[in-house]
Each structure stands twice: as structure tokens, then as C-alpha cells.
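So the structure is just underneath, and the comments pick up after that.
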Ligand SMILES: Cc1cc2nc3c(=O)[nH]c(=O)nc-3n(C[C@H](O)[C@H](O)[C@H](O)COP(=O)(O)O)c2cc1C
């Protein structure tokens, strides 16, 4: 990591500098949500309405943040989300993102629109998940997945993003007259997709397969029936369905139906280690950060991404200690309390059963 980044000592400092150096059109693209931005805002509000219980005297000198995802051992439960258009934030955007995000042994993702998959794979020093957008016919998809296979064995899993049946109205982009809908219209193939396509696509690459953009217990149940290997709870960082639910809100009911059978990744609105603690307690295996990592990329390329991820992990470790928790894998819903609008914790139901209660939802009531 270069000395130049020593001056960036907090996540807020990265965000502030990124906002100053990113050109206005790219910044609008990054920070914006769809239409009224109700989903974007709700992601944060729902997280703020969860609080972490402060347990003490638990012998917390050493904190275990390791985890396992699809049989892959990882030092940390945090990864970076797939994000398109990274060239707008760094000339070597996708490559630098993968380099920085995996430098400490972590896993990361590669966005469906990324070019030069072999270069990205060569820059990565940890496992990668490929994110697919379905932007053509089946032959187009086969061809795209062949490029993943050709890029070598860094790619350990792939997922299809399913929350993009339409390209949303990103009004910040529209105001600037920069909506990708106008510039280069995306093919409308994603609105055609059904569960039959899921059955087909998961057989097209001999890697574990997941769906990104699951937001209801109903869809999680169908996904399980279709044999997916992981579920990615996401509302695209508030960038697709307007006025949808917060992803942390959907996580609890999805964790209930999944019941630990397959791993769950979650993203959308996570900004701090404490946010990750809440998601892990509510049943996530991995927590993915989008814009927060992007600020690191814009400020310092791979070094910036690595530093942001370290700051997030530090935040997890410090707050695990202060919450009297020793292992991120062992967090349970009992770690979390739901808070009313005035900031007071709501009474627990079934408090005696909390430590053993398997129902995430009832523990949160
Ligand atoms: C600039 C940007 C580009 C994105 N591009 C993609 C993409 O190509 N594919 C995808 O599945 N999600 C994409 N997303 C959504 C992210 O994968 C993720 O769901 C979201 O950023 C998480 O929310 P957060 O930014 O609040 O952490 C993008 C998000 C941003 C901010």
C-alpha cells in the first residue's frame, strides 16, 4: 500500500475525497438510486433501526472473522459487489478492484460487463465470483460463460442478476442527460427470463451457481427448489425497483426459509463493519459492499480498495469485542435488537428462547 494513502484514516475520508475527484456525471451514476430513491434510503433506515446488544466480560482478546463459502475458506466475511462501469472511476477499474479486493486473501466479484476477464483473473490473488447479465440469446450467454471458463480457475462460482427485468429510471443520470438507456440502449432480453432459464443457465458452467437480487421468502423457496447453490439478497443498492424493501429487512425472512441449507450473500446499503455484524447475525454468510469499495478504488486504485476493506474489517473486529462476541460465524439474531422510531429497543418476544431460537424473524419481533 502506498504512503499516499496514509492520510486516509477513516472510511469517511475516502468517501469525501472520492466525491471530490470523481467527475459529476460518474458520481451521479455511482451514488444514485432509481426514481424517488425510496429503496436507496430505506436500505439505510432499516439498518439504523437495528441495534447491536452490548455484552461484556466475554474474553474477547481474539476475534475469529474467518468463514467458509461453498467450501472455500476465507479470512473475512466481507466481499466487494459486482459493479459495472469501473473504468469511469479508475483507468484500470475492474483489474484494480479485483487486485485490491483479494490482496488480503479475500474473495470478490467480477461484473458481467467487465472486459478482459483473463487480465482480471491474473490480477486477483483470491477466488472470484462472476456476475452475469443476460444480454442476448442463449448462444450469447454460452459465449460469455465460455470466456469465464477460458479465464482460468480463479473463478469459483457465478451468479445471474435477476433484479433487472427493466433498466430503472435513474433520475440523477436522466437529469444530466446521461442515462445509459439513451446512450446505448441495453437489449431487452432480461425481461423475458423465467425460472426455466435458471435451470438452463446453471448447467452452462461447471461451477456453483447463485441468483443475485432475491428479495422475498417466496422467491428464495423457488430458488431452493431449482437447486441454486447460493442466494444473494439484494435490491441492487436501491438502483432497480423503486419503493422496494430494504435488503436487511428481506434477509431475516429469507434466512428463515433457507434454514442454513445454502449460503446467503447480502448487499445494499452496507457502509460499516457494524452493518456487516447485523447482517451476519441475521443469517448472511457473506456481506458485500458496493459504493463503499468504489470510493477506495477512485481514491487509490487497488491500494484504496484494500485499505477500505481493512478499515471495514477493523470496524467489525472492534465492535465484535465491544459487543462481547468472539466469532462472526457464531453471531445469532439475539445479537440484534429492533429499535423504534424514537430510538428505543422494542421488547423481545420469547426472550428465554432467544439463544437457541432458529427463527430469525421471531427473534427480531
Ligand atoms: C456503480 C454501480 C454499478 C453497478 N453495476 C452492477 C452490475 O454491473 N451488476 C450487478 O449485478 N450489480 C451492479 N450494481 C449493484 C451492486 O452489485 C450492489 O448490489 C450494490 O451496489 C450494493 O449496494 P451498496 O452500493 O449500497 O453497497 C452496481 C452498483 C453500483 C453502485
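Please treat every number below as a calculation from the coordinates, not as lab data. Just so it is clear, the model here is predicted, and its values are computed rather than measured. Here Cβ is always computed from backbone atoms with ideal geometry, including for glycine, and neighbour counts include all displayed protein chains.
In nanometres, what is the gap between the two model label sites at residue 38 and residue 203, each 7 Å from Cα along Cα-to-Cβ?
It is 4.1 nm.
Of the listed peptides 104-110, 15-21, what is their order by residue-averaged count of other C-beta atoms within 10 Å, with the highest listed first?
Packing order, densest peptide first, comes out as 104-110, 15-21.
When the helix-only estimate is applied to the chain (DSSP H runs of n ≥ 4, each -39,500 (n - 2.57), divided by the residue count), what is the mean residue ellipticity at 222 nm, nearest 500 deg cm²/dmol?
-11500 deg cm²/dmol
Please work out the FRET efficiency for the pair residue 3 and residue 61, using the Cβ-Cβ distance as r and a Förster radius of 25 Å; give the result to the nearest 0.05.
It comes to 0.20.
Sticking with the crude label model, points 7 Å out along Cα→Cβ, report the distance from residue 193 to residue 68 in nm, one decimal please.
Roughly 3.0 nm, to one decimal.
Which of these, 320, 97, 58, has the largest mean-square fluctuation under a Gaussian network model of the chain (Cα springs below 10 Å)?
58
Give me the one-decimal nm value for the distance between modelled label points at residue 174 and residue 21, 7 Å along each residue's Cα-to-Cβ direction.
3.3 nm
Mind telling me which of 193, 74, 322 comes out most flexible in a GNM of the chain, alpha-carbon contacts under 10 Å?
Per the Cα network of the chain with a 10 Å cutoff, 193 tops the list.
What FRET efficiency comes out for residue 166 versus residue 48 if R0 is 41 angstrom and r is the Cβ-Cβ distance? Round to the nearest 0.05.
0.90
Springs between alpha-carbon atoms under 10 Å, Gaussian network over the chain: tell me which of 270, 69, 209 tops the mean-square fluctuations.
Result for the chain, Cα springs under 10 Å: 69 fluctuates most.
Given Cα pairs under 8 Å that are at least 6 residues apart, what percent is the relative contact order of region 3-335?
Taking the mean separation of contacting Cα pairs over the length of region 3-335, I get 28 percent.
Could you tell me whether the chain comes out rounded, prolate or oblate from its Cα gyration tensor? Rule is a ≥ b ≥ c as square roots of the eigenvalues, rounded for a/c under 1.5, then prolate if a/b exceeds b/c, otherwise oblate.
rounded
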